Amino acid sequence: MADERKALAIKLYEINAFKFGDFKMKVGINSPVYFDLRVIVSYPEVMKTVSDLIAAHIKEHQLTAKHVCGVPYTALPLATLVSVQQGTPMLVRRKEAKDYGTKKLIEGLYNAGDTCLIVEDVVTSGSSVLDTVRDLQKEGIVVTDAVVVVDREQGGAVNIANKQVRMHSLFTLSFLLNTLLDAGKIQRDTVEAVAKYIAASQIKGDGSFVNPQRKVASEFSRTKLSFEHRATLAKSELAKQLFHLMASKKTNLCLAADLTKSEEILNIAEICGPYICVLKTHIDIVEDFDEAFIQKLRSLADKHNFLIMEDRKFADIGNTVSLQYGKGVYKIANWADLVTAHALSGRSILQGLKAGLADSASDGRKHGVFLLAELSNSGSLIDAKYSEAASKIATEGADIDFVAGVVCQSASCFHFPGLVQLTPGVKIDDTVDQLGQQYQTPEHVVQERGADIGVVGRGILQTKCVEKAAALYRDRLWAAYTDRIAK
Ligand code: 6AU
């Protein structure tokens with residue numbers, strides 16, 4: 001299916017279903033990319049491929065609605081093909097009610113309580129999909145999913161998700177750009193111009209633009225969505241798994257088990273396991289590392305349902321990183337669900353890590369990486385430009401299916417809701433340590449800084465009763481998250 005999608009992406013470009021240049025948009029600013037999927041009706045083979053891919057997507061994700069409805073007008077013929085192919089009755093939404101006869105907005109046979117899947121060609125802000133959802137809902141029809149051909153990645157998925165509808169896309173704009181770049185159809189400067197435009201023109205649910213200079217938590221929709229919702233938007237399997245784990249176990253606490261004896265780590269994992277979603281290790285500080293220790297730690301992870309993150313902070317060239325991940329004494333790829341990596345060496349860090357997985361013995365477990373875009377200590381050399389470039393690596397390009405999240409200190413660091421924000425430097429008494437670590441309270445990191453997961457090390461490890469401390473941090477971090485999405 002991947003090759004079929006790539007071939008279709010190139011075909012769509014060749015028939016001018018999208019173009020690059022300088023185009024005036026409905027929303028009032030100029031865009032370097034323009035979509036016009038109306039042309040595809042002149043190419044029956046393209047119509048067939050697009051509707052086949054939509055049908056395959058519906059099947060793969062088991063989207064079993066009773067009706068299908070296209071957003072008028074471009075998506076109407078696509079919805080028709082899907083309806084006929086699947087044997088699913090169609091509904092047609094009129095843009096204006098007739099001024100004679102029944103005055104119905106929705107044509108077709110239905111009952112209140114029926115379910116309906118939406119089909120759309122291109123989504124920018126999501127407003128056209130939501131107009132159709134609204135009219136269907138007025139008739140008592142339930143809409144939970146929309147399948148769209150192209151997601152322009154300008155905030156539409158989030159705006160639609162905010163109305164409790166999952167958006168699925170055959171293509172994201174980044175996929176189209178990367179496919180054309182790989183095929184030598186466009187130049188890198190076109191990709192960069194479009195990426196810059198997209199980043200600068202995110203559109204909110206009310207149609208206004210998110211100003212990228214002022215992406216503060218209060219207007220940041222990623223932080224308003226529930227973990228269950230964000231699981232549906234995630235591109236990495238591990239991010240999906242982590243969002244589900246947090247939602248079902250009701251914990252967004254990561255324990256930094258920074259201890260130097262294997263016995264101490266196992267002991268703390270047994271005690272704190274029920275309260276955490278992730279246990280974070282620094283394996284190179286363990287003085288008595290051996291295979292038996294790892295086996296015991298993995299069985300505790302299974303017993304208490306938490307993920308293991310090795311905070312290795314990989315930072316070398318791809319080839320070295322692949323060896324550091326898969327080989328050596330620790331064979332991290334064999335046992336860690338998640339690892340951390342610096343973005344310093346660019347995209348090749350992701351390719352190197354993927355290569356390191358090649359012959360790992362991890363029993364079919366999935367893997368993911370958290371990229372570091374900001375650090376919590378004072379005097380860090382990371383500046384705003386670096387953070388932005390690091391977040392870009394996490395959200396654009398062919399390897400983003402491997403990125404589960406970003407380690408950072410602020411909500412403005414990235415906006416894709418399918419990634420998890422992990423924020424260290426959490427302590428109830430917000431102080432500093434002797435070596436530059438800066439602490440914030442659980443409420444502050446979650447509600448002001450956009451953290452999805454708070455990392456707590458010494459705040460738990462250096463207390464008399466670690467179990468009580470873990471329960472307290474779990475409760476405060478979780479309450480801060482539930483308050484955040486309720487506001
Ligand atoms: O709560 P602490 O200060 O005892 O432990 C914080 C943990 C340590 C650090 O290596 C790690 O979080 N950390 C990270 C991570 C997770 O990558 C990034 C950062 O900016 N600051 C930070 O402290 O294990």
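The values are calculated or read from the model by the stated rules, or taken from the named source; none is laboratory data. The structure displayed is predicted, hence computed values, not measured ones. Here Cβ is always computed from backbone atoms with ideal geometry, including for glycine, and neighbour counts include all displayed protein chains.
Structural remarks
- Scanning the range 281-294 for residues that are within 16 Å of the ligand (Cβ to nearest atom) and part of a helix (DSSP H, G or I) gives I283, D284, I285.
- Among residues of the range 151-192, those that are part of a loop (DSSP other than H, G, I, E, B) and under 19 Å from L130 (Cα atoms), counted: 8
- Test: residue in the range 244-262 that is within 16 Å of the ligand (Cβ to nearest atom), assigned to a helix (DSSP H, G or I) and crowded, with 18+ Cβ neighbours inside 10 Å: no
- Of all the residues in the range 370-381, those that are buried (at least 16 other Cβ atoms within 10 Å of the Cβ) and without any contact (Cβ under 8 Å) to a residue 40 or more places away in the chain number 3.
- When the test is whether a residue is surrounded by 20 or more Cβ atoms within 10 Å (Cβ to Cβ), within 12 Å of the ligand (Cβ to nearest atom) and among the β-branched types (V, I, T), V278 passes it.
- Selected residue (only one of L300, L350, L344 is within 18 Å of L238 (Cα to Cα) and in the same structural domain as A256 (by TED's automatic domain parsing)): L350
- Of all residues in the range 454-476, those satisfying the criterion of being under 9 Å from V426 (Cβ atoms) and either among the β-branched types (V, I, T) or within 8 Å of the ligand (Cβ to nearest atom) (or both) are V455, V456, G457, G459.
- Qualifying residue in the range 263-275 (condition: buried (at least 23 other Cβ atoms within 10 Å of the Cβ) and in contact with a Cys (Cβ under 6 Å, 6 or more places away or on another chain)): no
- Single residue of the range 424-435 satisfying the filter (in contact with a strand residue (DSSP E or B) (Cβ under 8 Å, 6 or more places away or on another chain) and near the ligand (Cβ under 8 Å from one of its atoms)) that is farthest from R222 (Cα to Cα): K427
- Selection within the range 263-280 - outside any helix (DSSP H, G or I) and among the charged types (D, E, K, R): K280
- Of all residues making up the range 231-258, the number that are of a type outside the set (D, E, K, R) and over 14 Å from A470 (Cβ atoms): 15
- Unique residue being crowded, with 20+ Cβ neighbours inside 10 Å and among the charged types (D, E, K, R) when the list is D475, D452: D452
- Test for I283: is it in the same structural domain as K327 (by TED's automatic domain parsing), under 17 Å from I332 (Cβ atoms) and in contact (Cβ under 8 Å) with a residue 40 or more places away in the chain: yes
- Qualifying residue in the range 365-386 (condition: aromatic (F, W, Y) and either touching a Phe, Trp or Tyr at 6+ places or on another chain (Cβ under 9 Å) or under 27 Å from F171 (Cβ atoms) (or both)): yes
- Residue match in the range 316-324 (condition: surrounded by fewer than 19 Cβ atoms within 10 Å (Cβ to Cβ) and among the β-branched types (V, I, T)): yes
- The range 185-235, subset among the small types (G, A, S) and under 15 Å from the mean Cα position of the chain (by Cα), residue modelled with the lowest pLDDT: S221
- Filtering the range 436-448 to residues that are surrounded by fewer than 24 Cβ atoms within 10 Å (Cβ to Cβ) and away from the ligand (no atom under 12 Å from the Cβ) leaves T441, E443, H444, Q447, E448.
- Residue check for F23: in contact with a helix residue (DSSP H, G or I) (Cβ under 8 Å, 6 or more places away or on another chain) and among the aromatic types (F, W, Y): no
- Conditions (1) without any contact (Cβ under 8 Å) to a residue 24 or more places away in the chain; (2) part of a loop (DSSP other than H, G, I, E, B); (3) within 29 Å of E14 (Cα to Cα); number of the one not met by S125: (1)
- The lone exception for L109 - which of (1) surrounded by fewer than 18 Cβ atoms within 10 Å (Cβ to Cβ); (2) aliphatic (A, V, I, L, M); (3) not in a loop (DSSP other than H, G, I, E, B) it fails: (3)
- Checking V148, V165 one by one, the residue that is in the same structural domain as H67 (by TED's automatic domain parsing) and modelled with pLDDT under 95 is V165 and no other.
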